[in-house]
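**Q** Okay, handing you the structure first.
What follows draws every value from the coordinates through simple rules; no lab data is involved. Since this is a predicted model, take the numbers as computed values, not measurements. Reconstructed Cβ throughout: ideal geometry from the backbone, glycine too, with neighbour counts over all protein chains shown.
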Amino acid sequence: MQQPYEPERPAPARVLVVDDDPTVAEVVAGYLDRAGYAVDRAADGPAALARAAAHRPDLVVLDLMLPGMDGLEVCRRMRATGPVPVIMLTARGDEDDRILGLEVGADDYVTKPFSPRELVLRVESVLRRTRPSAARAAVTPLSAAGLTVDPAARRATKNGTELALTLREFDLLAFLLRNPGRAYAREDLMREVWGWDFGDLSTVTVHVRRLRGKVEDDPARPRLIQTVWGVGYRFEPGGE
């Protein structure tokens, strides 16, 4: 008797957990494993880079405070070999460290102590934006002011030259191109781009600054992503 056809299931997303605290690493890995992810673990920077080179992860959960090579350097080196989403783990109250993590390209961060369930939700949110979907594939490319964003290919260019954008920078640029001429408060951008109803608004500020550095001719005098004092930001294709 012929067996019914069963479509091939996609391979589970691979998550690399990097933390020198074995208890934290074990708890995080356990929750992610139960959520259906394939989990690798590393206790320091060199081991994390070796694991990533051997099996490229779909996402990295990376502790900022690692012995020897800190999380910032690990993030820089991983990003030098290709794009990979990173969720940084930081100590509560260390705002400067969180901003540094965002500056080197972390897509999200979670402060310790944290709920493992919250971390799993953050992982799901980031991966949902990076993995192809039928809805995204149906979206036509966006173009304005020499910028082109292709949501299906997750590719952005400026005057034909590809831009090296992080996950959130890409989503922020796509949202702005989709909504030109309208001013958005940082709270609005956090809700629309990050999917958060609350959070640290410096996350938005840092990403706008990083994005300006990649799309503006003169980031010190931005013409495309303009600051609307007392409100937030507005994308002006005409650059006036």
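**Q** Calculate the all-directions average of the projected area of segment 142-213's alpha-carbon convex hull, and give it in nm².
**A** Computed as one quarter of the Cα hull surface, the answer is 4.7 nm².
**Q** Kirkwood hydrodynamic radius, computed over distinct alpha-carbon pairs, for segment 188-240: how many Å, to one decimal?
**A** Kirkwood radius, segment 188-240: 11.8 Å.
**Q** Report, to the nearest 10°, how far helix 167-178 tilts away from the longest principal axis of the Cα atoms in the chain, using its own Cα long axis and a range of 0 to 90°.
**A** Value to nearest ten degrees: 30.
**Q** How much mean residue ellipticity at 222 nm does the chain get from its helices, if each DSSP H run of length 4 or more adds -39500 (n - 2.57) and you divide by all residues, to the nearest 500 deg cm²/dmol?
**A** On the way: 9 runs with 91 residues, N = 240.
When only DSSP H runs of four or more count, the value is -11000 deg cm²/dmol.
**Q** Between Rg and the Kirkwood Rh of the chain, both from Cα atoms, what is the Rg to Rh ratio?
**A** Radius of gyration over Kirkwood radius for the chain works out to 1.00.
**Q** For the chain, give me the percentage of DSSP beta bridges that are antiparallel, rounded to the nearest 5 percent.
**A** On the way: 16 of 34 bridges.
Expressed as a percentage, antiparallel bridges in the chain total about 45.
**Q** Against the longest alpha carbon principal axis of the chain, how many degrees, from 0 to 90 and to the nearest 10, is the axis of helix 22-34 turned?
**A** Approximately 80 degrees, to the nearest ten.
**Q** Would you work out which of V193, V149, L66 lies farthest towards the positive end of the dipole of the chain? Charges go on Cβ: Lys and Arg +1, Asp and Glu -1.
**A** V149
**Q** Additional query: Taking the chain as the reference, fit the longest principal axis to its C-alpha atoms, fit the long axis of helix 202-215 to the helix C-alpha atoms, and give the angle between the two in degrees, 0 to 90, nearest 10.
**A** 70
**Q** Pairs of Cα atoms under 8 Å, at least six residues apart: use those to get the relative contact order of the chain, whole percent.
**A** This gives 12 percent for the chain.
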